[in-house]
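Enquirer: Let me give you the structure first, and then I'll get to my questions.
The values are calculated or read from the model by the stated rules, or taken from the named source; none is laboratory data. If you're wondering where the values come from, they're calculated on a predicted model, not measured in any experiment. Please note: Cβ atoms are built from the backbone with ideal geometry, for glycine as well, and neighbour counts cover all protein chains shown.
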Amino acid sequence: MALQKKDREFRLPKVSYLDFKTIEMDRVLTGLFERLEHSGYPSVFRDKRELTVKKFVDDIIDTNDKFIGFAQNREIVERWVETHLMDLVNRGNRNQAVAGPRPLHGYTYRFRNPKHSREYGASQHLYQMLHHARNLSGHQAIEHLKTFFFDGFDKVTRELDEKALTDIETATLLHFLSQRKDTADTRVKGDRFPPACIGSADLMAEDIQRLLFYKPFMPRVVMVDYLKLLLSFHLALYHLRLLKLLPAWQKLQSANPLCSESACPMKPRNEREPQGDCPHRLGLFVDLTGNAESATVALAERSADGYYRRIPSFVRAYFSAKKLDEFAEFLVSRNKLIRGLGKHFSVGELFMLQTEPYREEREKFFNGRLADLLDSLKDDAGGLDEETAALSKMGLSDFETYIEILASQRGAFHRRYIVESLDSTMLKNRSGALLAQTRAKNAPRRFVLESRLLEVLLQIAVLRVGEKGYHTAEMRIDDLLTFLKERYGLYIDQLPPGEGFGATSIDDRKALRANVQAFTARLREIGFYRDLSDAYVSQTVVPRYTIAEKGVGV
């Protein structure tokens, strides 16, 4: 028999709003737009028109006064719209459909087709991370994102601002924004849960503001691509950190005291050591060589394997948090537990329900759950499969037995989707990737730092905070390596401590030197590297855009 719905339920927004599936960042960014526009709420539309390439081109052709000469070149216009303006699913196939316009402007969310543009909670997760970031940095980042993405359109007159300096793609999309109306769907209530790792939210908010400082200096399309890569990068880092954090909290039976909002040691403004003494520091060894036969690749594969092996314990801890959340609501309904000052129980408070004071009530609750679960798993002859029978006889408490059986029954299912989700947030084998995998069957994954992502992080790295705002400055290679290591947990010239690596061998040192050489070669390729002499201290990273300190900060 199949598991009942109450046993299968897994998603817990207090841990992550993300429903672990494959996501596309174009659709995530489009979904984020409506939440930026409506202060975290989704939209409700007055009409249900589904956008197609043909309909959009028809609208362009019909507007002769705005798009002069387009009617005489319909075939070219169709190809341009299809390749440059639209995000398509099943591109090139018979069942090709429009997910929505490319996220070049904030109001493009009004034209998306919801059934083709699902982003599985990623946009809500990003918004809530910004909303809860400390010291108002997240609220500032939200306002800066709105200023950038919603420019060129007067919200009062609902007309295009002719003085706005926009590219042709954005101008074309802007012309049609007033044709569809929407309002905030305030019926969708629910609590706004803070992220389990508040420091990750602070870091993302800080990086967004730093990157948006360049908006006067680079084309809009380039900035949009940069932001997509940055948001995907931080989404990946947050969930990689969760793989360590959640099982640790479950074992501790509480949140780590250092993870509280007031005590979290992650300080993004400290450029050298934003992770501080974080008990769940990230340590990813990234390969820059790209040589599948090199020793460096083997180290990067080992690093990635260490994180993916944490998924089963993460699934078990996630199930525990979800079921303890249900247990907490039951106790509240029976007046046996009182909510604190907040409207909800935090993840740390949920894990505290594993402690001795709640043992009697916990065992009563999960005794019934366990009995129903075992009954649903019996075959026609009334027996249980071998693994479930063995787990039920291990002498564990009813709560522990219940969780172990759920993990046994559903662990492989959730692991598969979590792997797919991590692969997609790290943009596996794509431009801006943090992860790579060869095409061979069951090939190992490895952490990498693809050129496009490196370019985004370099733009952030060369910014300095001065008395009058941000300014760019040169950076020594060794300082850059420290910046990537301490700010994001990306290791290039050494093996990350506490990640299963032993003492560095001679072969390891050779691999690390080769990785640093590949790193400097990559910097040279993308135009950030200057080598004045053979002296290491004279090898520097130079900003692509020179911004004086007298400039106004973001």
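Enquirer: Suppose the filter is modelled with pLDDT under 85 and either touching a His at 6+ places or on another chain (Cβ under 7 Å) or outside any helix (DSSP H, G or I) (or both); does E499 pass it? Walk me through how you get there before you give the answer.
Expert: On the way: modelled with pLDDT under 85: no; either touching a His at 6+ places or on another chain (Cβ under 7 Å) or outside any helix (DSSP H, G or I) (or both): yes.
Against the criterion (modelled with pLDDT under 85 and either touching a His at 6+ places or on another chain (Cβ under 7 Å) or outside any helix (DSSP H, G or I) (or both)), E499 does not qualify.
Enquirer: Still on this structure, please answer the following. Under 8 Å by Cβ, and 6 or more places apart or on different chains, what pairs join a residue from the stretch 190-219 that is in contact (Cβ under 8 Å) with a residue 12 or more places away in the chain and crowded, with 24+ Cβ neighbours inside 10 Å with one that is among the polar types (S, T, N, Q) and part of a loop (DSSP other than H, G, I, E, B)?
Expert: Pairs found: G199/Q275.
Enquirer: Check I547 against each of (1) in a loop (DSSP other than H, G, I, E, B); (2) crowded, with 17+ Cβ neighbours inside 10 Å; (3) at pLDDT 90 or above and name the one condition it does not meet.
Expert: Going through (1) in a loop (DSSP other than H, G, I, E, B); (2) crowded, with 17+ Cβ neighbours inside 10 Å; (3) at pLDDT 90 or above one by one, I547 breaks only (3).
Enquirer: Looking for whichever is over 31 Å from the mean Cα position of the chain (by Cα), surrounded by 20 or more Cβ atoms within 10 Å (Cβ to Cβ) and touching a residue at least 12 places away in the same chain (Cβ under 8 Å) here; the options are L454, L406, L373, L458. Which one fits? It would help to see each step written out before you state the result.
Expert: Working: L454 fails: over 31 Å from the mean Cα position of the chain (by Cα); L406 fails: over 31 Å from the mean Cα position of the chain (by Cα); L458 fails: over 31 Å from the mean Cα position of the chain (by Cα).
Going through L454, L406, L373, L458 in turn, the sole match is L373.
Enquirer: Here are some conditions: (1) out of contact with any strand residue (DSSP E or B) (no Cβ under 6 Å at 6 or more places or on another chain); (2) at pLDDT below 80; (3) in a loop (DSSP other than H, G, I, E, B). L51 meets all but one. Which one does it not meet?
Expert: Going through (1) out of contact with any strand residue (DSSP E or B) (no Cβ under 6 Å at 6 or more places or on another chain); (2) at pLDDT below 80; (3) in a loop (DSSP other than H, G, I, E, B) one by one, L51 breaks only (1).
Enquirer: Any chance you could count how many residues in the stretch 376-403 are more than 13 Å from S320 (Cα to Cα), modelled with pLDDT of 90 or more and either among the aliphatic types (A, V, I, L, M) or under 32 Å from the mean Cα position of the chain (by Cα) (or both)?
Expert: So the answer is 5.
Enquirer: State yes or no: is S421 at negative phi and surrounded by fewer than 20 Cβ atoms within 10 Å (Cβ to Cβ)?
Expert: No, not satisfied.
Enquirer: For R316, are the conditions met, namely being surrounded by 18 or more Cβ atoms within 10 Å (Cβ to Cβ), assigned by TED's automatic domain parsing to the domain that holds F351 and among the basic types (K, R)?
Expert: When the stated conditions are applied, R316 passes them.
Enquirer: Would you pick out the residues in the stretch 159-180 that are surrounded by fewer than 18 Cβ atoms within 10 Å (Cβ to Cβ) and at pLDDT 70 or above?
Expert: Hit for the stretch 159-180 is I168, nothing else.
Enquirer: Is at least one residue of the stretch 433-440 in contact (Cβ under 8 Å) with a residue 12 or more places away in the chain, over 22 Å from G283 (Cβ atoms) and not assigned by TED's automatic domain parsing to the domain that holds V315?
Expert: yes
Enquirer: Considering the stretch 424-451 alone, what residues qualify as being surrounded by fewer than 22 Cβ atoms within 10 Å (Cβ to Cβ), in contact with a helix residue (DSSP H, G or I) (Cβ under 7 Å, 6 or more places away or on another chain) and farther than 30 Å from A473 by Cβ?
Expert: Correct list: P444 only.
Enquirer: Related question: Could you please tell me which pairs satisfy a Cβ distance under 7 Å, a separation of 6+ or placement on different chains, a first residue in the stretch 520-532 that is modelled with pLDDT of 90 or more and surrounded by 14 or more Cβ atoms within 10 Å (Cβ to Cβ), and a second residue that is hydrophobic (A, V, I, L, M, F, W, C) and part of a strand (DSSP E or B)?
Expert: Listed by first residue and then by second, the contacts come to L523/V541.
Enquirer: Which pairs have Cβ atoms under 8 Å, sit 6 or more apart or on different chains, and link a residue in the stretch 246-272 that is under 13 Å from F351 (Cβ atoms) and of a type in the set (V, I, T) to one that is surrounded by fewer than 19 Cβ atoms within 10 Å (Cβ to Cβ) and modelled with pLDDT under 90?
Expert: Close Cβ pairs (under 8 Å, with a partner that is surrounded by fewer than 19 Cβ atoms within 10 Å (Cβ to Cβ) and modelled with pLDDT under 90) do not exist here.
Enquirer: Looking at (1) modelled with pLDDT of 90 or more; (2) under 29 Å from D19 (Cα atoms), which is the only condition R439 fails?
Expert: The number of the failed condition is (1).
Enquirer: If you don't mind, there's one more thing I want to ask. Out of (1) farther than 30 Å from A407 by Cβ; (2) of a type outside the set (A, V, I, L, M); (3) not in a loop (DSSP other than H, G, I, E, B), what's the single condition that is false for R91?
Expert: (3)
Enquirer: Got at least one residue in the stretch 270-284 being more than 26 Å from N256 (Cβ to Cβ), at pLDDT 95 or above, among the hydrophobic types (A, V, I, L, M, F, W, C) and buried (at least 23 other Cβ atoms within 10 Å of the Cβ)?
Expert: no
Enquirer: Can you tell me which of (1) in contact with a strand residue (DSSP E or B) (Cβ under 9 Å, 6 or more places away or on another chain); (2) in a helix (DSSP H, G or I); (3) surrounded by 22 or more Cβ atoms within 10 Å (Cβ to Cβ) is the one D478 doesn't meet?
Expert: (3)
Enquirer: I've got another one for you. What number goes with the only condition from (1) under 24 Å from A236 (Cα atoms); (2) buried (at least 23 other Cβ atoms within 10 Å of the Cβ) that V89 does not pass?
Expert: If we test V89 against (1) under 24 Å from A236 (Cα atoms); (2) buried (at least 23 other Cβ atoms within 10 Å of the Cβ), just (2) comes out false.
Enquirer: Let me ask something else about it. Which of the numbered conditions does P194 fail, given that it passes all the others? Conditions: (1) outside any helix (DSSP H, G or I); (2) at pLDDT below 90.
Expert: (2)
Enquirer: Are there helices (runs of 4 or more DSSP H) fully within the stretch 288-363 with at least 2 residues that are aromatic (F, W, Y) and either over 21 Å from the mean Cα position of the chain (by Cα) or within 30 Å of A511 (Cα to Cα) (or both)? List them.
Expert: Hits in the stretch 288-363: 295-308, 311-333.
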